[in-house]
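Q: Pasting a structure here, questions to come.
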Amino acid sequence: MPSVGSSREMEGHEAAAAFDRVLLLAFCVVGIWSAYIYQGVLQETASTKLFGPDGKRFEHLSFLNLAQNAVCFLWSLIIAIKLWSRNSSGVAPLWSYWSPNISNTIGPSMGIEALKYISYPAQYCSNSDQTSKGIVAICKACISSILD
């Protein structure tokens, strides 16, 4: 029969492990948010200031977005490898995350490029709160009718 002291020690170890996971999560969240904020500051600076002797604006903002997403991808890969080396039981294999990570890295840059060919009123309507809710409802209805 385990003693009371050993059960308290186990609870202490479990609490320490949970606290370590919370710290890791907080570290990741802060890292991602700081990267997004820094990218936003860079993008705003690059898009509003004039550069060079000709006084031109930076024209390749989608590349800046791609670079930021690539850094986030590499950082998440480093963190994932670190986590997988610690404990791999009960966790999906690392290769199963490649496809979503690559699409999340490339997708926003492609979206920025695609928006160049969509009129401003169309962009506004798609971003309007009520319109976007309606579009989501229509898409859900279409998908459910296809699946039924």
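The values are calculated or read from the model by the stated rules, or taken from the named source; none is laboratory data. In this text, all values refer to a predicted model and were calculated from it rather than measured experimentally. Cβ placement follows ideal geometry from the backbone for every residue including glycine, while neighbour counts extend to all protein chains displayed.
Q: If I filter the range 90-132 down to residues being at pLDDT 70 or above and aliphatic (A, V, I, L, M), which single residue comes out as surrounded by the most Cβ atoms within 10 Å (Cβ to Cβ)?
A: Among residues in the range 90-132 that are at pLDDT 70 or above and aliphatic (A, V, I, L, M), the one surrounded by the most Cβ atoms within 10 Å (Cβ to Cβ) is 112.
Q: Can you name the residue in the range 6-35 that is under 28 Å from residue 64 (Cβ atoms) and surrounded by 11 or more Cβ atoms within 10 Å (Cβ to Cβ) and, of all such residues, is modelled with the highest pLDDT? Can you show your working first?
A: Applying the first criterion (under 28 Å from residue 64 (Cβ atoms)) to the range 6-35 yields 25-35.
Still in the list and also surrounded by 11 or more Cβ atoms within 10 Å (Cβ to Cβ): 27-28, 31-32, 35.
Values: 27: 95, 28: 90, 31: 91, 32: 87, 35: 82.
The qualifying residue modelled with the highest pLDDT is 27.
Q: How many residues does the range 37-88 hold that are in a loop (DSSP other than H, G, I, E, B) and among the small types (Gly, Ala, Ser)?
A: Pass one, the range 37-88, residues in a loop (DSSP other than H, G, I, E, B): 49-50, 52-55, 57-60, 87-88.
With among the small types (Gly, Ala, Ser) added as a condition, the list becomes 52, 55, 88.
Result for the range 37-88: 3.
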